[in-house]
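Data block below; observations after.
Every number here is computed from the coordinates shown, using simple stated rules; none is lab data. On a predicted model such as this, the values are computed, not experimentally measured, just so you know.
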């Protein structure tokens with residue numbers, strides 16, 4: 001399953017993503033869910049919390065969560081918070097330090 005995000009992921013929009021990801025993992029079945037961030041322009045800590053919660057639910061369901069194409073600012077936020085060590089991230093370009 002692929003979830004493509006557009007615009008901003010913040011307190012106002014995170015609940016909708018949380019519901020979508022919860023329903024994706026409730027079905028089980030060993031599938032993976034890819035969250036495509038290529039068109040995301042902003043993410044705050046609420047969005048990061050939703051992705052971390054989804055990662056935990058995926059593991060509990062025997063599934064996987066992959067975050068694809070985060071922008072440089074989002075990737076920087078992931079690195080600063082250590083989230084890049086928890087989430088499976090598929091960047092558009094190599095992850096250089």
Practice task
Determine the gain in length on full extension of the stretch residue 32-residue 90; use 0.36 nm per residue of separation and subtract their C-alpha separation, reporting nm with one decimal.
Solution key: 19.5 nm
Fill in the blank from the handout: Among (i) -0.85, -1.22, -1.30; (ii) -0.71, -1.19, -1.27; (iii) -0.60, -1.16, -1.26, the entry matching log10 I(q)/I(0) by the Debye sum over Cα atoms at q = 0.16, 0.22, 0.23 Å⁻¹ as calculated here is (iii)
Completion exercise
Extension length gain for residue 79 and residue 10 (0.36 nm per residue less Cα distance), in nm, is 23.0 nm
Problem - Helix 72-81 axis, angle to the chain major axis (alpha carbon atoms, nearest 10°) - result: 70 degrees
Handout entry: Segment residue 2-residue 23, extension gain: residue separation times 0.36 nm, minus the distance between their alpha carbons
Key = 6.3 nm
Practice task
Mind pulling the angle between the C-alpha long axis of helix 14-26 and the longest principal axis of the chain? Nearest 10 degrees, somewhere in 0 to 90.
Solution key: 40 degrees
Practice task
For helix 45-60, report the angle its Cα long axis makes with the longest principal axis of the Cα atoms of the chain; keep it between 0 and 90° and round to the nearest 10°.
Solution key: 40 degrees
